[in-house]
Amino acid sequence: EPSDLDRAERLLGAVGPVVRVDEAAMDAVTAVSGSGPAYVFYMVEALLRAALALGLEPDDARRLVQATVEGSARLLEATGEDPAELRRRVTSPGGTTEAALRVLEERDVGAAFEAAVVAAHARARALAGGR
C-alpha cells in the first residue's frame, strides 16, 4: 500500500513537478520556488517598462514579453541544457544581446538576485523558528 508521502506526491504531481527534499531544505525550497514566481514577475515588469519606454503598444509589449518568458522556459525544459549554455547560444558576439548582458553584468544583477534568494531563505528560516 502506498505511503502517505506517495499519495501526496501523486496528488501534487497532477499540477506540477514534485521534488522530495529533506525537511532541512524546505526553507531553501521556499526561497527558490515559493518566492520564485515573484522574481520572474519582477523581471517581466522591468521588460514591460522597457518595451513601453521604447514605444511598443501595451498589448504588443505584454504579448511579446510573455511569449519570450514562456518560450525561454520551454527551451530550457525541452533541451535540458545548462542555462548558461543556452544564454551563450543566443548571444551573438558584438550584438544586441551582448550589449544588454554587459549592462546587467556591470550592474551585478546576478549577484542581486542571489542576495534576494538568500534574504528570502533567511526570512523563511526566521518564520519557521530557525529550523
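The values are calculated or read from the model by the stated rules, or taken from the named source; none is laboratory data. What you see is a predicted model; the values in this text were computed from it and never measured. Here Cβ is always computed from backbone atoms with ideal geometry, including for glycine, and neighbour counts include all displayed protein chains. SASA here: full protein model, heavy atoms, side chains in, ligands and nucleic acids out. Shrake-Rupley method; radii C 1.70, N 1.55, O 1.52, S 1.80 Å.
Quick one: which of L48, L56, L64 is farther than 28 Å from L5 by Cβ, part of a loop (DSSP other than H, G, I, E, B) and of a type in the set (A, V, I, L, M, F, W, C)? Testing whether each residue is farther than 28 Å from L5 by Cβ, part of a loop (DSSP other than H, G, I, E, B) and of a type in the set (A, V, I, L, M, F, W, C) leaves just L56. For the range 74-82, does any single residue satisfy the condition of being surrounded by 10 or more Cβ atoms within 10 Å (Cβ to Cβ), part of a helix (DSSP H, G or I) and either touching a residue at least 24 places away in the same chain (Cβ under 8 Å) or touching a Ser or Thr at 6+ places or on another chain (Cβ under 7 Å) (or both)? Within the range 74-82, not a single residue is surrounded by 10 or more Cβ atoms within 10 Å (Cβ to Cβ), part of a helix (DSSP H, G or I) and either touching a residue at least 24 places away in the same chain (Cβ under 8 Å) or touching a Ser or Thr at 6+ places or on another chain (Cβ under 7 Å) (or both). When you scan the range 92-111, do you find a residue that is in a helix (DSSP H, G or I), open to solvent by 60 Å² or more (accessible area, probe 1.4 Å) and of a type in the set (S, T, Y), even just one? Yes, that holds for at least one residue.
When A116, A120, A124 are checked against the criterion of being in a helix (DSSP H, G or I), surrounded by 12 or more Cβ atoms within 10 Å (Cβ to Cβ) and in contact with an Asp or Glu (Cβ under 8 Å, 6 or more places away or on another chain), a single residue qualifies: A124.
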